[in-house]
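Only one structure is covered here, and it is reproduced in the block below.
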């Protein structure tokens, strides 16, 4: 369902779309206030036809994830889950990745905690001497790197370790990651004893340290069941119009990870509905592969009302491992059979969704629900404190600047350059005291007459504020004003904040007067004393050191500075790697590479004769003459 401005309001599915859609618009229908508010905003209904319920389910989950419609249940912290990858190459490496591809590598995961996975990779590299470099093992290297000298690698690159011996270490890593620590410990114990019997005490000591490390990791894992079960436990907790889903991941009978998710758009939805929506979005994210490869890989969705086009399904390693055989839930989801069929297809074996009523499973699920309640309680407390602090900071700022009401939308600007080179500017946006990064903007400054921060700031404000002037121009027709609303920068700020003191503020005030926008509130924040300056006021506004308003404007100013400096560094780094050949017409990357390979440097090209340049593959006399003329003879 689409609003008048083209934004997607709601995404749903039904076997009979006619009956489903009509139910929203029937006269006398009694809807929840939230649904009624949605129906008032609906201007159009668009449909996509698929072949069965499973495809509809996956498509719905993916579209909700992509468009984040305001009237759907959504995960607040949806993300692509990380995996541990054992690469498919000679002398494999262990790396962190979020992309699962059909490249022959072995993938372990997904993991819900990226920090925990990085710690696991560090532990694997500490316990098992694996290479971390990307260079090919071709026998050309003459001496080992530092990793060999600190005993973190056995230098297969120079032939100190054979490929057979390295593959044995990789097998040990795989056993460790698969949770088969007992088999790994027996193998390491046997190798240590054998090394000691052959008086190779240094190797025996390394194996002993490896055994100790594996023992330590094994003891930290909590055993849930004695049998080696793979299952996910999902419980829901609700309070004050919010909902939290808690997930425990159990693999091989051991709890390997836990995570909680705050849901949006819950309101009067039932636990069964919320559980269904969560399972669809959660496992869609966990079984996703490469960036453009969604879980809905069986079809390619055509635009608008066209039917989807079947595509060949690709095997995706890691997808099956992301789904356990059993999913225990505190409330059986709607469309349970459809979700089970979809997950069974992903795993290539039967997957069951169960709601245990008694026994060990029910008892442990109650523990998961307690965790959900505790996490929801902590979230609500944090949210209350944060909202109170933000409201107070905005109110205090409005009082200090004598604004008619708290500034709901604050825009801050900063300029960054080094002696006028690579000048850029940044615009950051804070709405209700929170950063809204989707509305940040970068500016490449066109002013090129030396270092002049005032002129650069004026250019930035002119380029931004011209859109406000166009929108508020009463001489335009209604259609023109409607088109202006869809342009960039159409939202009017309640406060313009400038990173700088009186000088920058005066420059901005001149732009506001030039554009006839003197009524737009503007202030400058000087870095030295954190004083606020207003136009036509000689004395600064000094906020108390512990004032929430001061903390807010300082945070906004620092974010604008960070954003500008980062963009400036990117531009500067790009110019530092450019060559004089880059600006020449007809000299693309291939010809540039051939010229530099032939002569070694731009200076050598300058010294070369015209015939020598023409001799380079792909060069013509005309191009060679152009190169000589541009570089100077």
Using only the Cα atoms, work out Rg/Rh for region 8-82, with Rh taken as the Kirkwood radius, to two decimals.
0.99
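When only Cα pairs under 8 Å and 6 or more residues apart are kept, what is the percent relative contact order across the chain? Walk me through the numbers on the way to the answer.
Values: 967 pairs, mean separation 60.3, N = 633.
With pairs under 8 Å counted, the relative contact order is 10 percent.
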If I take R0 = 56 Å and measure r between the Cβ atoms of residue 102 and residue 27 in this structure, what FRET efficiency does the formula 1/(1 + (r/R0)^6) give, to the nearest 0.05?
0.55
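Nearest 5 is fine: what % of DSSP beta bridges in the chain come out antiparallel, could you say? Don't jump to the answer; show the numbers that get you there.
Working: 53 of 68 bridges.
Restricted to the chain, the bridges split so that about 80 percent are antiparallel.
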Listing 418, 64, 541 by rising number of other beta-carbon atoms within 10 angstrom, fewest first, gives 418, 541, 64
Global form of region 83-223, assessed from the alpha-carbon gyration tensor, a/c cut-off 1.5:
oblate
For region 366-457 the mean separation of alpha carbon contacts under 8 Å (6+ apart) over residue count, i.e. relative contact order in percent, is 21
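Which value in deg cm²/dmol, rounded to the nearest 500, describes the helix-derived mean residue ellipticity at 222 nm for the chain, given -39,500 (n - 2.57) per DSSP H run of n ≥ 4 and division by the residue count?
On the way: 19 runs with 277 residues, N = 633.
My calculation for the chain gives -14000 deg cm²/dmol from helical runs alone.
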Order by neighbour count: 99, 457, 619, fewest other Cβ atoms within 10 Å first, most last.
99, 619, 457
Rounded, prolate or oblate for region 490-604? Axes are the square roots of the Cα gyration tensor eigenvalues, ordered a ≥ b ≥ c, and the cut-off for rounded is a/c under 1.5.
prolate
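Among 405-412, 121-128, 278-285, 347-354, what's the highest-first ranking by average C-beta atoms within 10 angstrom per residue? Let's see the in-between values first.
Working: 405-412: 19.8, 121-128: 16.4, 278-285: 23.0, 347-354: 14.8.
Output ranking for 405-412, 121-128, 278-285, 347-354: 278-285, 405-412, 121-128, 347-354.
Under 1.5 on a/c is rounded, so check that first for region 356-461, then, if it is not, pick prolate when a/b is larger than b/c and oblate when it is not; a ≥ b ≥ c are the square roots of the alpha carbon gyration tensor eigenvalues.
Numbers: a/c = 5.52, a/b = 2.25, b/c = 2.46.
Judged from the Cα gyration tensor, region 356-461 comes out oblate (a/c at least 1.5, b/c at or above a/b).
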Unit-weight point scatterers at every alpha-carbon of region 407-575, Debye formula, q = 0.09, 0.13, 0.15 1/Å: log10 I(q)/I(0) is -0.31, -0.64, -0.85
Which parts of region 547-578 would a label at residue 421 reach, counting a residue when its backbone N lies under 17 Å from a point 7 Å out along Cα-to-Cβ?
565-578
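In square nanometres and to one decimal, what's the mean projected area of the convex hull around the Cα atoms of region 589-631? List each step's numbers first, then the result.
On the way: hull surface 10.1 nm².
Hull-based average projected area comes out at 2.5 nm².
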Taking the Cα centroid of region 519-555 and of region 598-633, what is the distance between the two, rounded to the nearest whole Å?
58
If we count other beta carbons within 10 Å of each Cβ, what is the order of 531, 342, fewest first?
531, 342
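Got the relative contact order for region 83-223 handy, in percent, Cα pairs under 8 Å and 6 or more residues apart?
Working: 150 pairs, mean separation 24.6, N = 141.
This gives 17 percent for region 83-223.
No lab work stands behind these numbers, since they all come straight from the coordinates. This structure is a prediction, so every number in the text was calculated from the model and none was measured. Cβ: placed from backbone, ideal geometry, glycine included. Neighbour counts: every protein chain shown.
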